[in-house]
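Peer 1: Mind having a look at this structure? Questions to follow.
The values are calculated or read from the model by the stated rules, or taken from the named source; none is laboratory data. None of the values given here were measured: they were computed from a predicted structure. Quick reminder, even Gly has a Cβ in these numbers, built from the backbone with ideal geometry, and neighbours come from all protein chains shown. With ligands, DNA and RNA removed, areas are computed over all heavy atoms of the protein, side chains included. Shrake-Rupley method; radii C 1.70, N 1.55, O 1.52, S 1.80 Å.
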Amino acid sequence: MKIAVFSTKSYDKESLEKHNIKGALSFTYFEESLNKKTTNLALGFNAVCVFVNDKLDSETIKKLAKNGIKLIALRCAGFNNIDLETAAENKITVVRVPAYSPEAVAEQAVALIMTLNRKTHKAYNRIREGNFSLEKLIGFNLHNKTVGVIGTGRIGEAFSKIMQGFGCKVVAYDLYENKELIKIGVDYLPFDELIKTSDIISLHCPLTPETHHLMNKKTFSKMKKGVMLINTSRGALIDSADAITALKSHKIGYLGIDVYEQEEKLFYKDLSEDIIHDDLILRLISFPNVLITAHQGFLTKEALEQIAKITIENISNFEKNIKTENEVLIAQ
Ligand code: NAD
């Protein structure tokens with residue numbers, strides 16, 4: 001099986017090669033992302049292996065089908081970047097890595113909370129310049145604060161447990177209740193009630209047509225003044241323009257994001273010598289109470305190992321015609 005791996009970074013290559021025992025699969029690595037302009041790179045391959053910012057829209061998938069691609073192997077859980085209908089029409093199977101390390105992403109959400117709150121990033125820079133002043137570094141105790149978790153699947157569950165460890169009251173909203181969380185005292189609330197009562201809101205639901213811009217002008221208006229909003233899920237859960245307005249009016253007191261709606265043009269690239277044309281992210285970066293990381297929630301040794309292992313299993317199972325629950329099917 002010949003697989004074209006897109007958006008390759010050194011750690012992807014290392015972990016895939018480590019788990020490709022005896023070179024059973026033939027991986028060719030491309031640094032380019034996969035989109036309608038780069039499909040020709042997949043000529044002569046049977047499968048493509050892609051990540052969060054590869055854009056497999058209808059046009060791209062039709063071109064891949066013409067090139068003879070039979071399998072799209074995602075190295076991630078979310079599949080909002082794949083036109084599943086076109087894939088099904090063209091008899092292309094889509095597989096993903098549904099769970100590799102929920103704790104890795106949950107811990108990234110906690111890192112954003114801790115840094116925004118206790119301003120360790122600012123203290124680090126100050127002290128390197130010989131500035132030992134504590135002015136403007138005041139944080140707040142997490143103990144006894146209400147944390148609202150939207151989406152209580154694998155990552156939301158891991159995150160809720162960590163926040164309970166801080167002594168927070170954890171409340172949740174999901175289409176389905178997680179029994180494990182109810183058992184340990186997490187209260188499910190209606191969506192409006194959750195956003196009204198939470199001091200910190202963390203997003204862990206997938207990006208779907210229903211959740212697109214779930215956080216917008218209207219929802220911000222119902223939140224507590226000074227709320228902390230954390231997004232490690234998918235960028236388009238938040239309307240960035242509305243978030244900027246809410247930051248300007250101090251409605252949002254802190255914003256921590258590991259994902260951004262226009263991230264495919266920016267994240268995973270060194271643009272330090274380029275002119276950035278995305279005015280929304282530049283405005284977000286300019287706020288002292290906004291912390292952005294470039295979609296690195298998955299970036300732990302343990303998560304990378306699991307991603308590589310499961311991706312290789314997924315491809316091998318496809319080769320052997322074994323169906324597994326890692327196959328992404330269109331909801332009927
Ligand atoms: P999961 O499928 O285990 O859980 C998702 C939960 O969201 C489910 O309980 C589901 O019922 C709920 N949900 C679905 N639609 C909803 C809605 N409209 N309102 C409220 N809840 C809703 O997924 P997971 O493994 O916990 O991952 C969650 C998300 O995290 C993924 O979709 C992905 O976008 C993101 N993610 C980010 C990174 C990163 O590196 N930052 C890594 C992995 C996953």
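Peer 1: Using the structure shown, decide if Val50 is in contact with a Lys or Arg (Cβ under 8 Å, 6 or more places away or on another chain), within 16 Å of the ligand (Cβ to nearest atom) and under 17 Å from His295 (Cβ atoms).
Peer 2: Working: in contact with a Lys or Arg (Cβ under 8 Å, 6 or more places away or on another chain): yes; within 16 Å of the ligand (Cβ to nearest atom): yes; under 17 Å from His295 (Cβ atoms): yes.
So Val50 fits the description; yes.
Peer 1: Follow-up. Which ones in the stretch 75-102 are within 10 Å of the ligand (Cβ to nearest atom) and touching a helix residue (DSSP H, G or I) at 6+ places or on another chain (Cβ under 6 Å)?
Peer 2: Scanning the stretch 75-102 gives Val97, Ala99, Tyr100, Ser101, Pro102.
Peer 1: Out of curiosity, is Ser272 away from the ligand (no atom under 15 Å from the Cβ) and among the hydroxyl-bearing types (Ser, Thr, Tyr)?
Peer 2: Taking the combined requirement at face value, the residue satisfies it.
Peer 1: Can you confirm whether Ala65 is more than 16 Å from the ligand (Cβ to nearest atom) and among the small types (Gly, Ala, Ser)? Can you show your working first?
Peer 2: Details: more than 16 Å from the ligand (Cβ to nearest atom): yes; among the small types (Gly, Ala, Ser): yes.
Yes.
Peer 1: Sticking with this one: I want to confirm something. Restricting to the stretch 5-14 and keeping residues that are touching a residue at least 60 places away in the same chain (Cβ under 8 Å) and not in a helix (DSSP H, G or I), which single residue is farthest from Leu71 (Cα to Cα)?
Peer 2: If we take residues in the stretch 5-14 being touching a residue at least 60 places away in the same chain (Cβ under 8 Å) and not in a helix (DSSP H, G or I), then Lys9 is farthest from Leu71 (Cα to Cα).
Peer 1: A further question follows. Taking the conditions exactly as written (touching a Ser or Thr at 6+ places or on another chain (Cβ under 9 Å), open to solvent by 50 Å² or more (accessible area, probe 1.4 Å) and modelled with pLDDT of 95 or more), does Lys62 satisfy them or not? Steps first, answer last, please.
Peer 2: Numbers: touching a Ser or Thr at 6+ places or on another chain (Cβ under 9 Å): yes; open to solvent by 50 Å² or more (accessible area, probe 1.4 Å): yes; modelled with pLDDT of 95 or more: yes.
Yes.
Peer 1: Still on this structure: From the list Ser233, Ser240, exactly one residue is in the same structural domain as Phe166 (by TED's automatic domain parsing), closer than 24 Å to Val105 by Cβ and more than 16 Å from the ligand (Cβ to nearest atom). Which is it? Before the answer, list the steps.
Peer 2: Numbers: Ser233 fails: more than 16 Å from the ligand (Cβ to nearest atom).
Going through Ser233, Ser240 in turn, the sole match is Ser240.
Peer 1: If a residue must be within 12 Å of the ligand (Cβ to nearest atom), open to solvent by 80 Å² or more (accessible area, probe 1.4 Å) and free of Cβ contacts under 8 Å to residues at least 60 places away in the same chain, how many such residues does the stretch 192-218 contain?
Peer 2: The number of residues fulfilling the criteria is 3.
Peer 1: Do you know which residues across the stretch 153-182 are open to solvent by less than 50 Å² (accessible area, probe 1.4 Å) and assigned to a helix (DSSP H, G or I)? If you could, list the steps in order and put the result at the bottom.
Peer 2: If we filter the stretch 153-182 for residues that are open to solvent by less than 50 Å² (accessible area, probe 1.4 Å), which is where we start, we get 153, 156-160, 163, 167-168, 170-172, 174, 178, 181.
Those that are open to solvent by less than 50 Å² (accessible area, probe 1.4 Å) and assigned to a helix (DSSP H, G or I): Gly156, Glu157, Ala158, Phe159, Ser160, Met163, Leu181.
Peer 1: Follow-up. In the set Lys251, Lys301, Lys225, which member is modelled with pLDDT of 95 or more, away from the ligand (no atom under 12 Å from the Cβ), buried (at least 17 other Cβ atoms within 10 Å of the Cβ) and charged (D, E, K, R)? Talk me through it step by step, then tell me what you get.
Peer 2: Details: Lys301 fails: buried (at least 17 other Cβ atoms within 10 Å of the Cβ); Lys225 fails: buried (at least 17 other Cβ atoms within 10 Å of the Cβ).
Checking each option against the conditions leaves just Lys251.
Peer 1: Is the stretch 121-139 home to any residue that is within 30 Å of Leu207 (Cβ to Cβ), more than 11 Å from the ligand (Cβ to nearest atom), at pLDDT 95 or above and more than 19 Å from the chain's Cα centre (by Cα)? Give the steps one after another, and end with the answer.
Peer 2: Narrowing the stretch 121-139 to residues within 30 Å of Leu207 (Cβ to Cβ): 121.
Then drop every residue that is not more than 11 Å from the ligand (Cβ to nearest atom), which leaves 121.
In the following step, the residues that additionally are at pLDDT 95 or above were identified as 121.
Checking which are more than 19 Å from the chain's Cα centre (by Cα) leaves us with 121.
Yes.
Peer 1: Select from the stretch 140-152 the residues that are part of a loop (DSSP other than H, G, I, E, B) and either within 16 Å of the ligand (Cβ to nearest atom) or outside the structural domain of Leu237 (by TED's automatic domain parsing) (or both) and list them in ascending order. Give the steps one after another, and end with the answer.
Peer 2: Keep residues of the stretch 140-152 that are part of a loop (DSSP other than H, G, I, E, B), which gives 140-145, 151-152.
Once the filter is applied, which keeps residues that are part of a loop (DSSP other than H, G, I, E, B) and either within 16 Å of the ligand (Cβ to nearest atom) or outside the structural domain of Leu237 (by TED's automatic domain parsing) (or both), the stretch 140-152 yields Gly151, Thr152.
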